[in-house]
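The values are calculated or read from the model by the stated rules, or taken from the named source; none is laboratory data. Note that the coordinates shown come from a computational prediction; the quantities given were computed from them, not determined experimentally. For neighbour counting, all protein chains shown are included, and Cβ atoms are generated from backbone atoms with ideal geometry for every residue, glycine included. Remember, those area values only see protein heavy atoms, side chains included, never the ligands or the DNA or RNA. Shrake-Rupley method; radii C 1.70, N 1.55, O 1.52, S 1.80 Å.
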Amino acid sequence: MATVAPRGGLFGRVKPLDAILATAEKKSLRRSLGAFQLTLLGIGAVIGTGIFVLTAEAAQKAGPGMIVSFVCAVAALCYSELAAMVPVSGSAYTYTYAVMGELLAWMVGWALILEYAVGASAVAVGWSGYFVGLMRSWG
């Protein structure tokens, strides 16, 4: 049975990597995407959200400082390193639970839900602007 190692302080309990891997073997979610599929999925997310939809908006508000935002591509490399070290489904929640503890993992999980909701909304607003522009050019 998977155990959770107690750890004092603010961050609460930490689940060891062996326990995470043992729990993942019992669950029905299996990793089925390879490196090529994950690379294409990441490129698609970056292109869909960052390049086509938000670049013009960011350039108007941030100016030359917008280049700093593209440095965040380094975060994708960190994500791939964590995914290689903890090869289970669960994303940043699982990584945070293994390293920082249960409390921060819970907060990261909810932050991910909010991030995906806001990201989907931003893409929808961006593409709807393009669609309205297309409709106006036809009419």
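Does the stretch 118-139 hold any residues that are closer than 23 Å to Leu33 by Cβ and among the hydrophobic types (A, V, I, L, M, F, W, C), and which are they? Walk me through how you get there before you give the answer.
The initial filter retains those residues of the stretch 118-139 that are closer than 23 Å to Leu33 by Cβ, namely 119-120, 123.
Ala120, Val123, listed by residue number.
Only one of these conditions is not met by Val86: (1) over 22 Å from Lys27 (Cβ atoms); (2) open to solvent by less than 60 Å² (accessible area, probe 1.4 Å). Which number is it?
The failed condition is (1).
When only residues in the stretch 5-33 that are open to solvent by 90 Å² or more (accessible area, probe 1.4 Å) and not in a loop (DSSP other than H, G, I, E, B) count, which is modelled with the highest pLDDT?
This residue is Asp18.
Leu77 is checked against (1) open to solvent by 80 Å² or more (accessible area, probe 1.4 Å); (2) more than 26 Å from Tyr130 (Cα to Cα); (3) modelled with pLDDT under 70 and fails just one. What number does that condition carry?
(3)
Hey, Val125 hits all of (1) more than 15 Å from Leu17 (Cβ to Cβ); (2) modelled with pLDDT under 80; (3) among the β-branched types (Val, Ile, Thr) but one; which does it fall short on?
Here Val125 meets the rest and fails (2).
Considering only residues that are surrounded by 13 or more Cβ atoms within 10 Å (Cβ to Cβ), over 17 Å from the mean Cα position of the chain (by Cα) and small (Gly, Ala, Ser), which ones fall in the stretch 99-139?
Scanning the stretch 99-139 gives Gly101, Gly126, Gly129.
Given the conditions (1) at pLDDT below 75; (2) open to solvent by 50 Å² or more (accessible area, probe 1.4 Å); (3) assigned to a helix (DSSP H, G or I), and given that Gly44 satisfies all but one, which numbered condition is not satisfied?
The failed condition is (2).
For Ala2, only one of the following conditions fails: (1) modelled with pLDDT under 65; (2) farther than 30 Å from Gly119 by Cα; (3) out of contact with any Asp or Glu (no Cβ under 9 Å at 6 or more places or on another chain). What is its number?
All conditions are met except number (3).
Kindly establish whether Val88 is touching a residue at least 12 places away in the same chain (Cβ under 8 Å), under 23 Å from Leu38 (Cβ atoms) and in contact with a Ser or Thr (Cβ under 7 Å, 6 or more places away or on another chain).
yes
Pick out the one residue from Phe70, Phe52, Phe36 that is open to solvent by 40 Å² or more (accessible area, probe 1.4 Å) and at pLDDT 80 or above. Outline the logic, then answer.
Details: Phe70 fails: at pLDDT 80 or above; Phe52 fails: at pLDDT 80 or above.
Of the residues listed, the single one that is open to solvent by 40 Å² or more (accessible area, probe 1.4 Å) and at pLDDT 80 or above is Phe36.
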